[in-house]
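**Q** Questions regarding the structure given below will be posed in turn.
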Amino acid sequence: MQKEQWTPSIAAKWDDFPPQAIPSYSEMAFYEQNLVARKKEKMDLLVGILGSTPEFRDLCQRHDVSYRCIDFNPANFEALRAFCRHKSKEPANALIVADWRKMNLPERFDMMLGDHVTSVIPTSDYDALFDRLQRHLADRGAVYLKVAIREDDTRTTHEQAFSFWSANWPHIDPFASAWREVLLADYDFQADHCHCATSTRRLRESFEKGIISEYFFLSFKRRWDIVGDEFYIRVPRKDFLLETARRLFSSVEILDTGEPWYRGKLPVVAFRK
């Protein structure tokens, strides 16, 4: 198992990251629609939050739904509490300290929500992750994960990423609109990850050569500096992710719920028993 990357110092900078990196308004509207519909069927709904995502905690609090945050580090949970709008309503039992890949909990969840769960663990651990998710899912339950995926091993370039941003979304922070393009420009396809510190170095080289603007470079450098030198992000191949999940779930569905500037690139994948 790789050392856990998500630290309290990163969690404390949550509001420095825009969607794609955190849940967007349109994604939250999708989650809310499904949560409300499920609660109509089952009033004592129990939601499992993979991590301590404040938007998910607020969603459950707003609709008076019981939930548990499953996080390996209690300090992450506390740091992210600062970004909850309804923190005063949080129950004392809201946190379960566990590793998603090894958890063995008495709870069975009607819904499980995760944002970039597959991005922060090695692809070699996906079998263990999906096994534990299906074990902890109640009958008729569903897991909803926002997932960065790629179709194949085609590498993009910083020039393509910059052109995509400047031609289509110049009014949006480059990190929000061209995040996946930059990841795939700097991706190590053999190791199946993007090393954020390496991406910073390569982006600097592109800026110094005039390929990207200073604004574009600094948008990424700012966030890569926050996550630090040992942070890796995975963008798994779609066929690999679906094949791995379908060994354990009877239904795996890709749902396009994101904002227009990353539509089709970071879908929500629904896993059902």
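**Q** What is the residue count in the stretch 27-40 for residues that are crowded, with 16+ Cβ neighbours inside 10 Å and out of contact with any helix residue (DSSP H, G or I) (no Cβ under 7 Å at 6 or more places or on another chain)?
**A** Number satisfying all stated conditions: 5.
**Q** Residues 34, 76: which one is among the polar types (S, T, N, Q), part of a helix (DSSP H, G or I) and within 17 Å of the chain's Cα centre (by Cα)?
**A** Just one listed residue meets the conditions, 76.
**Q** From the set of residues in the stretch 214-256 that are of a type in the set (Ser, Thr, Tyr) and surrounded by 15 or more Cβ atoms within 10 Å (Cβ to Cβ), which is farthest from residue 115 (Cα to Cα)?
**A** Applying the filter and picking the extreme gives 219.
**Q** For the stretch 76-83, does any single residue satisfy the condition of being surrounded by fewer than 19 Cβ atoms within 10 Å (Cβ to Cβ), closer than 19 Å to residue 108 by Cα and aromatic (Phe, Trp, Tyr)?
**A** no
**Q** Looking only at the stretch 57-73, which residues are in contact with a strand residue (DSSP E or B) (Cβ under 6 Å, 6 or more places away or on another chain) and not hydroxyl-bearing (Ser, Thr, Tyr)?
**A** 60, 65, 68, 69, 70
To keep it simple, each residue is scored yes or no on (1) closer than 24 Å to residue 122 by Cα; (2) within 19 Å of the chain's Cα centre (by Cα); (3) crowded, with 20+ Cβ neighbours inside 10 Å.
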site	(1), (2), (3)
161	no, no, yes
167	no, no, no
181	yes, yes, yes
184	yes, yes, yes
189	yes, no, no
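**Q** How many residues are on the phi > 0 side of the Ramachandran plot and touching a Pro at 6+ places or on another chain (Cβ under 8 Å) if we restrict to the stretch 99-129?
**A** So the first thing to find is which residues in the stretch 99-129 are on the phi > 0 side of the Ramachandran plot, and the list is 116.
From what is left, the residues that are touching a Pro at 6+ places or on another chain (Cβ under 8 Å) are none.
The qualifying residues number 0.
**Q** For the stretch 230-246, give me the residue count where each residue is outside any helix (DSSP H, G or I) and at pLDDT 95 or above.
**A** Going through the stretch 230-246 one residue at a time, the tally reaches 7.
**Q** Since residue 121 meets every condition but one in (1) touching a helix residue (DSSP H, G or I) at 6+ places or on another chain (Cβ under 8 Å); (2) at pLDDT 95 or above; (3) not polar (S, T, N, Q), which condition does it not meet?
**A** Every condition holds for residue 121 apart from (2).
**Q** Then there's this: Return the residues of the stretch 41-72 that are at pLDDT 95 or above, within 20 Å of residue 13 (Cα to Cα) and not in a strand (DSSP E or B); say none if nothing qualifies.
**A** Across the stretch 41-72, the qualifying residues are 51, 52, 53, 54, 55, 56, 57, 58.
**Q** Okay, next question. Pick out the one residue from 133, 145 that is buried (at least 21 other Cβ atoms within 10 Å of the Cβ) and not in a strand (DSSP E or B).
**A** None of the others qualify; the one that does is 133.
**Q** How many of the residues in the stretch 98-110 are among the hydrophobic types (A, V, I, L, M, F, W, C) and in contact with a helix residue (DSSP H, G or I) (Cβ under 6 Å, 6 or more places away or on another chain)?
**A** 2
**Q** Given the criterion under 20 Å from the mean Cα position of the chain (by Cα), of a type in the set (Phe, Trp, Tyr) and part of a helix (DSSP H, G or I), identify the matching residue among 217, 175.
**A** 175
**Q** Sticking with this structure for a sec: Among the residues of the stretch 181-190, is any within 29 Å of residue 7 (Cα to Cα) and assigned to a strand (DSSP E or B)?
**A** Yes, the stretch 181-190 contains at least one residue that is within 29 Å of residue 7 (Cα to Cα) and assigned to a strand (DSSP E or B).
The values are calculated or read from the model by the stated rules, or taken from the named source; none is laboratory data. Since we're looking at a predicted model, the values are computed, not measured. All Cβ positions, glycine included, derive from the backbone under ideal geometry; neighbour counts span all protein chains shown.
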